[in-house]
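Notes to accompany the following structure.
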Amino acid sequence: MGVNGLVKRVLREVGINEERFNLQWASAAEAPRFVRLITDYTRKIKELGPLGASENLKGDELKARLDKAMALLSDRKLRMSFGNLAKSMRKDIAGLNDRVIADLVEEKLGKTISSFGSGEDKAANG
């Protein structure tokens, strides 16, 4: 819970189209839903084109942004903060949807995500 919101926020931060990532759940009993999810996602990715195309990024710039996203998602401070957020969301699951989760990710983690790599973040992480 919340991984979708976190990854999409990080992708936005580094300038990668967040629609390139989508995490949905479907049980074994939901074959038609599973087919629809995969079909819709495949169509969306085809529309966006190769990674970097819809973002107007190529080569080294694309790699640098993907490296930043990976470093950010690997950051101990962010992972711990996300763990705490996920724990609190599990306690109060009623009313959670993608929009609410995205808002919570922004409220609780947005500053950490935005400051990653800045002098402020480097000083905090020592």
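The values are calculated or read from the model by the stated rules, or taken from the named source; none is laboratory data. Just so it is clear, the structure is predicted and the values come from calculations on it, not from any experiment. Reconstructed Cβ throughout: ideal geometry from the backbone, glycine too, with neighbour counts over all protein chains shown. Surface areas here come from the heavy atoms of the whole protein model, side chains and all, with no ligands, DNA or RNA. Shrake-Rupley method; radii C 1.70, N 1.55, O 1.52, S 1.80 Å.
Here is a list: LEU85, LEU73. Which entry is closer than 22 Å to GLY15 by Cα, in contact with a helix residue (DSSP H, G or I) (Cβ under 8 Å, 6 or more places away or on another chain) and of a type in the set (A, V, I, L, M)?
LEU73
Looking only at the range 82-91, count how many residues are under 17 Å from the mean Cα position of the chain (by Cα) and open to solvent by less than 100 Å² (accessible area, probe 1.4 Å).
Residues that pass the stated criteria total 5.
Considering every residue within the range 107-125, establish whether at least one is among the basic types (Lys, Arg), free of Cβ contacts under 8 Å to residues at least 60 places away in the same chain, assigned to a helix (DSSP H, G or I) and within 15 Å of VAL10 (Cβ to Cβ).
yes
Name the residues in the range 48-64 that are in a helix (DSSP H, G or I) and either in contact with a helix residue (DSSP H, G or I) (Cβ under 7 Å, 6 or more places away or on another chain) or open to solvent by 60 Å² or more (accessible area, probe 1.4 Å) (or both), would you?
LEU48, ASP60, GLU61, LYS63
Can you tell me which residue within the range 15-44, out of those that are surrounded by 14 or more Cβ atoms within 10 Å (Cβ to Cβ) and assigned to a loop (DSSP other than H, G, I, E, B), is modelled with the lowest pLDDT?
That would be ALA26.
How about the range 1-14: which of its residues are part of a helix (DSSP H, G or I) and of a type outside the set (Val, Ile, Thr)?
Result: ASN4, GLY5, LEU6, LYS8, ARG9, LEU11, ARG12, GLU13.
So that you can scan it fast, the table gives a plain yes or no per residue for (1) more than 14 Å from ILE113 (Cβ to Cβ); (2) among the β-branched types (Val, Ile, Thr); (3) surrounded by 14 or more Cβ atoms within 10 Å (Cβ to Cβ):
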{"residue": "GLU13", "(1), (2), (3)": "no, no, yes"}
{"residue": "LYS46", "(1), (2), (3)": "yes, no, no"}
{"residue": "LEU66", "(1), (2), (3)": "yes, no, yes"}
{"residue": "MET80", "(1), (2), (3)": "no, no, no"}
{"residue": "ASN97", "(1), (2), (3)": "yes, no, no"}
